[in-house]
Amino acid sequence: SQNRLLIKNGKVVNADKIADLDIYIENGVIQQLGRNLIVPGGVRIIDAGGCYVIPGGIDPHTHFELELMGATTVDDFYHGTKAAVAGGTTTIIDFALPRRGQSLLDTYKNWRQKADEKVCCDYALHMGITWWSEQVQQEMAELCEKHGINSFKAFMAYKGLYQLSDSELYDAFQTVRNLGAVAMVHAENGDIIAKNTEKLLSAGIKGPEGHQLSRPEEVEAEAVTRACTIANQVDCPLYVVHIMSKSAGDAMAYKRKELMKKGKHCTLYGETLAAAIGTHGNRIPCTWHDQAAHVLSPPLRPDETTPNHLLTLLNENALQCTGSDNCTFNKNQKELGKDSFTDIPNGVNGVQDRLSVIWEKGVVPGILSPEKFVAVTSTNAAKIFNLYPRKGVIAEGSDADVVVWNYKAKRTISAKTHAHACDYNIFEGLECHGVPEFVIVGGRVCVDEGNLRVAQGHGNFLPTPINPPFVYEGQTPEVEVDHKENHQVIEEIREQLHGLTPNN
Ligand code: URP
Ligand code: ZN
Ligand code: ZN
Ligand code: ZN
């Protein structure tokens, strides 16, 4: 029957090791691991021979049904999670973003309304700190304590819209730290960008190329350094989202080393994007639409050595996670910026293709091992955002979010065949090894021999408890886990989650 599955003959890849194991799944949970398992009759058997079996991807960065710069992203929570599952991602974490002055609690409720009935896989939420006040501070506490939100994203760019000053960032990080939550930051210097933009526009540079020119690498790197410095002053864990350049990645590595030299637990984390690994910003002879489709912030970099540099930082654990920042607008929506690059809605696709892109660019050339691939596409995000070990690992007691990854097969990425609602794909034409042949979401086979059969509303909201039980030490984020103890930890987390009634 549907709720009993045996995945046989595969090589199970976790962040710490590869092992020949069969997986017995019942009621959405991994019940047994081992060869020659004794299982009930009538169980569906999936043959994973010749394949890797990996924990479902966790995409810690999506924007589904987000209104931004006068347009609403076309991937809503149905199309977005459908695309995720099609590519082997079984959990997404979206950003609930209040407008300036808007209540965070109202925003949270609004996001739950947009998502709950539509999601095809489990999801959690980060909350945006898009303005700062006494009310925001109080609502952050309520979100943490009652609704299971443990991560808050502040912006150093989008001047006049979301940008916070350094003193506001200091207060916001202090608040996050006191709550036992994790701060997140969009690191670009918004004041410098505003100045450069004025200059470019008055020089008559209005096309999409102006976007990149207005925000060079050092404008990103400076903000990464500043954000880490502010976080360190108040001892706050900080996760820097979408690191897009070599110098910003190096800045992150430097700040981590500095902190570890002081003998402190390193709680500075960095994320890069599938977009930064799978493509680059050097598209001189492209059409307006193609250039506009690739506009996101921070921008793709013209330096074509950027992807390998970022992959090396991932391998060295200077960066821990890969996200998609899936924030898709159609060509006609991008045309809002026909007269000025400042009006092109920012955002790209990636939630479907993230695993394939990281595999193709990272594992195929030997920069990342398969275990490291699992760490940076799933496990590390689960640990940082407190979903581990329920998510991010193939272990007894964990949710049955499992992908049979045929690394010998190939596919070519195209907007013609993708599951997104958008009408372009920034990775168009990229040939990737690594095809998710089976994707099991909470015990349900949603990609079956390559055929996508998602169930709308099948996913659940995942409240993420505060005071993370897993803290990274020094250079190694890999936490040794005793799988027998796992049961107990998961039970505790479930209990905590239970206390956080998702509907209030
Ligand atoms: O260009 C981007 N990244 N759009 C989404 C919003 C954000 O800053 O993450
Ligand atoms: Zn951002
Ligand atoms: Zn984003
Ligand atoms: Zn057990």
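The values are calculated or read from the model by the stated rules, or taken from the named source; none is laboratory data. These numbers were taken from a predicted model, which means no experiment stands behind them. In this analysis, Cβ positions are derived from the backbone assuming ideal geometry, glycine residues included, and neighbour counts consider all displayed protein chains.
In the range 205-252, what residues are β-branched (Val, Ile, Thr) and either at positive phi or within 16 Å of ligand 2 (Cβ to nearest atom) (or both)? Selection gives VAL219, VAL224, VAL240, VAL241, ILE243.
Where helices (runs of 4 or more DSSP H) fall entirely within the range 174-263, those with at least 2 residues that are at pLDDT 95 or above and of a type in the set (Gly, Ala, Ser) are at 190-202, 217-233, 246-261. Scanning the range 148-160 for residues that are buried (at least 24 other Cβ atoms within 10 Å of the Cβ) and more than 16 Å from ligand 3 (Cβ to nearest atom) yields ILE149, ASN150. Restricting the range 180-191 to residues that are within 18 Å of ALA124 (Cα to Cα) and among the hydrophobic types (A, V, I, L, M, F, W, C) leaves a set whose member that is nearest to ligand 3 (Cβ to nearest atom) is MET184.
Pairs under 6 Å by beta carbon, first residue at negative phi and among the basic types (Lys, Arg) in the range 333-358, partner buried (at least 24 other Cβ atoms within 10 Å of the Cβ) and assigned to a loop (DSSP other than H, G, I, E, B), six or more apart or different chains? Between residues of the range 333-358 that are at negative phi and among the basic types (Lys, Arg) and residues that are buried (at least 24 other Cβ atoms within 10 Å of the Cβ) and assigned to a loop (DSSP other than H, G, I, E, B), the close pairs are LYS334/ILE344; ARG354/SER324. If I filter the range 270-307 down to residues being in a loop (DSSP other than H, G, I, E, B), touching a His at 6+ places or on another chain (Cβ under 8 Å) and of a type in the set (S, T, N, Q), which single residue comes out as nearest to HIS211 (Cα to Cα)? The extreme case among them is SER297. Quick check on ARG112: is it touching a residue at least 40 places away in the same chain (Cβ under 8 Å), under 20 Å from the mean Cα position of the chain (by Cα), away from ligand 2 (no atom under 16 Å from the Cβ) and assigned to a helix (DSSP H, G or I)? Taking the combined requirement at face value, the residue satisfies it. Selection of first residues in the range 190-202 that are farther than 13 Å from PHE341 by Cα and of second residues that are crowded, with 17+ Cβ neighbours inside 10 Å and of a type in the set (A, V, I, L, M, F, W, C), restricted to Cβ pairs under 8 Å at least 6 apart or on distinct chains, gives the following pairs, ordered by first then second residue: GLY190/PHE155; GLY190/MET156; GLY190/ALA157; ILE192/VAL219. State whether one or more residues within the range 348-358 are buried (at least 19 other Cβ atoms within 10 Å of the Cβ) and within 28 Å of GLU198 (Cα to Cα). Yes. Checking VAL439, VAL404 one by one, the residue that is modelled with pLDDT of 95 or more, in a strand (DSSP E or B) and within 25 Å of THR73 (Cβ to Cβ) is VAL439 and no other.
The C-beta contact set for the range 287-301 (first residue modelled with pLDDT under 95, second residue crowded, with 20+ Cβ neighbours inside 10 Å and not small (Gly, Ala, Ser), distance under 8 angstrom, 6+ apart or interchain) is empty.
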